[in-house]
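**Q** Pasting a structure below so you can have a look.
The values are calculated or read from the model by the stated rules, or taken from the named source; none is laboratory data. Given the structure is predicted, the values throughout are model-derived calculations rather than measurements. We place every Cβ from the backbone using ideal geometry, glycine too, and count neighbours over all the protein chains shown. Note: accessible area is taken over every heavy atom of the protein model, side chains too, but ligands, DNA and RNA are not part of it. Shrake-Rupley method; radii C 1.70, N 1.55, O 1.52, S 1.80 Å.
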Amino acid sequence: MPLQVGVNVTEVDGRAAPALRSAPTSVAAFVGRTRRGVPDTSVRVTGLDQFNDRFGGHVPLGYLPHAVTGFFLNGGREAHIVRVTGPGSASATVVLNDRQNTPAASLRLTAGYRGATDPGTWAHDLRADVRDDPRATTTVATAAGAAATTLVLASTAGIAKGSVLRVVSTTTLFRVVTDLDPVTRTVTISTATGEAVAAGVAVTTAEFRLILRLQNPLTSTFDVVETWTNLSTRPGPDYAPDRVNHPLTGSRYVTAASLTTGSAPGLDVPAVTSGAALTGGAETAATAAGLAGSAALGTGLHALDTAAVQLIAVPDAHLLDNTGRAIAVHAALDYAAGRGDAMYVGSAPDRGAPVGVVPRAPSDYTETTSQYAGTVKGYSAQFQAAKVYGAMYAPWILVSDPAGTGPSPVRFVPPDGHVMGVYARTERERGVHKAPAGDAADVRGALALSAAFSGAEHDDLVRSGRVNGVRSVAGRAPVVAASRTLSTDNRWQYVNVRLLFNFVKATLRDGLRFVRQEPHTQALRDMVRHNVITPFLLGLWRQGAFGSDPAESVFTVKCDAENNPPQDVDLGLFRVEVYFYAVRPAETVHIIVGQQPGGGSAAEA
């Protein structure tokens, strides 16, 4: 810009490097069964009210709603939900007929959410009402003959080209407005009236109102949940399918499709009706393949591909048989490893009970605690490897069951979501480097445990089975008592180490995007090393993430000519290496108590 005489000030970015913004560490993802929801679509929720509104709350079958409840109850603040349905699932529908003497189909309503279908039987609780809802109501101002193709109205407010007029003359006439003169209040209609129309005859436009009512499970009444006013069967701003199916402002309960084929304008409008029920909805259980999903189709776990999540749970894997459950868990572990910025949080199967018995109390189980400990160890063995992006917990926990029957319904559920909430709470209160276990890691919402492991049984579970116990010691509230991963390499055996590495990797990945396309010079390497990465690592060191040794002893950042040789620079490669020591938890406390000589001495009298 040209400079003016005097003092000119121009603001520039300067040589300062952007600071790294910490990546999120405890955004959860839940994949499985819900009462309702568009399948294979990741939906972000920040509380139970949002979850219940979008996914319909708890269901008699399925563990995902309990996991989400436990996550938020224990301190979680953000989650992504992916509903998975099985083959043959279908959305409930209802067809609304038109106003011909011999009614024909006018509009099909299908259970859905803003243009996408939503399968299941949940929509059997929906009812649809149709009412006349004209955008314009007026009268004929000047009488017209049978051959008239224009009408003078008392008002043209709410009438536009393309509007369908309902003229209540000797018979009810429907005519399309082809032209309009608001000054003279004259409308031109598509065809002659065909009969004399007297002054004062009522004229309305042919829009309708769609009212959706949902049955309240507490009162059994059908309460209005949505009202769609001034809908039209004619293409235009009020066209019913366009408004109801809009991806941002459309219906949260149904989609709409026009079925009109040859009905005359006005007669194709859905007839007035009350209580039209949606039927034909069905849902089958998700399969292991459905939970695992497809990367190409973006289904199952892969619906999370574009979501920033760090904790992944598939609690409904426990609804599958042993083979299916193993497939789903392996898929979740592989998915977390493939992402590199997330970890799977799972659980062992529940303790054995008689066939057909749904345990509601610890006494309902028949498998002994020691037998169950062995079962858990055997189950976890199939998922262990040198480096595993996942952790496993046992036993199941007793929680209140909103979908149950009786005065105070309860049920045992996998602890996955509750433990993930403990992860989130620990990270917020102490930092991502703090192991999510110990006295402060109480499991809120857990009323009892399906098994009470002894100290020796728990020690064996942790050391040999790499399974973390949820324990209630001396009658206290249940707590997460250990923080091992499924990794056999002792460098990766602690949950906090995995979480810390995921956090650092994600922060560097997102924070160093500005380096792309910058000139590759020594100045750029020095800036990245000294002004960007080192301050970030120093902040973690001050928090205690790298232990108590001097900073230069616990982390290293290398970005120089040695690891960026000319041949790599010529290929456009920019390499930075970051190494650090992640603090380990004090897992085993050894207290030594002994005697020492007293302070007394003997002397001659």
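**Q** So which strands (runs of 3 or more DSSP E) are wholly in the stretch 200-248 and hold at least 1 residues that are open to solvent by less than 30 Å² (accessible area, probe 1.4 Å) and under 24 Å from Asp53 (Cα atoms)?
**A** 208-215, 222-231
**Q** In the stretch 100-141, which residues are open to solvent by less than 30 Å² (accessible area, probe 1.4 Å) and among the acidic types (Asp, Glu)?
**A** Matches in the stretch 100-141: Asp118, Asp129, Asp133.
**Q** Just to be sure I understand, how many residues within the stretch 1-41 are hydroxyl-bearing (Ser, Thr, Tyr) and surrounded by fewer than 19 Cβ atoms within 10 Å (Cβ to Cβ)?
**A** 3
**Q** Now for a separate question. Give the residues of the stretch 528-558 that are in a helix (DSSP H, G or I), of a type outside the set (Phe, Trp, Tyr) and either open to solvent by less than 70 Å² (accessible area, probe 1.4 Å) or touching a Gly at 6+ places or on another chain (Cβ under 7 Å) (or both), sorted by residue number.
**A** Result: Val528, Val532, Ile533, Thr534, Pro535, Leu537, Leu538, Gly539, Leu540, Gln543, Ala551, Val554.
**Q** Which condition does Gly374 not pass, out of (1) touching a residue at least 12 places away in the same chain (Cβ under 8 Å); (2) surrounded by fewer than 21 Cβ atoms within 10 Å (Cβ to Cβ); (3) among the small types (Gly, Ala, Ser), if it passes all the others?
**A** Checking Gly374 against (1) touching a residue at least 12 places away in the same chain (Cβ under 8 Å); (2) surrounded by fewer than 21 Cβ atoms within 10 Å (Cβ to Cβ); (3) among the small types (Gly, Ala, Ser), the one that fails is (1).
**Q** Still on this structure: Tell me whether the stretch 122-139 contains one or more residues that are out of contact with any strand residue (DSSP E or B) (no Cβ under 8 Å at 6 or more places or on another chain) and of a type outside the set (A, V, I, L, M).
**A** Initial filter on the stretch 122-139 (out of contact with any strand residue (DSSP E or B) (no Cβ under 8 Å at 6 or more places or on another chain)): none.
Looking through the stretch 122-139, none of the residues is out of contact with any strand residue (DSSP E or B) (no Cβ under 8 Å at 6 or more places or on another chain) and of a type outside the set (A, V, I, L, M).
**Q** Give the stretch 496-505 a look and list any residue that's in contact with a Pro (Cβ under 9 Å, 6 or more places away or on another chain) and open to solvent by 10 Å² or more (accessible area, probe 1.4 Å), or say none.
**A** Leu499, Phe503
**Q** Oh, and also: Just for the stretch 336-361: of the residues that are within 21 Å of the chain's Cα centre (by Cα) and either farther than 21 Å from Gly421 by Cβ or charged (D, E, K, R) (or both), which one is surrounded by the most Cβ atoms within 10 Å (Cβ to Cβ)?
**A** The residue in question is Asp341.
**Q** Another one. Could you count how many residues in the stretch 58-99 are open to solvent by 10 Å² or more (accessible area, probe 1.4 Å), in contact with a Lys or Arg (Cβ under 6 Å, 6 or more places away or on another chain) and modelled with pLDDT under 95?
**A** Matching residues across the stretch 58-99 total 1.
Residues are listed down the side, and each one gets a yes or a no for (1) of a type in the set (Asp, Glu); (2) more than 21 Å from Ala582 (Cα to Cα); (3) crowded, with 23+ Cβ neighbours inside 10 Å:
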residue	(1), (2), (3)
Ser450	no, yes, yes
Gly465	no, yes, yes
Asp489	yes, no, no
Tyr494	no, no, yes
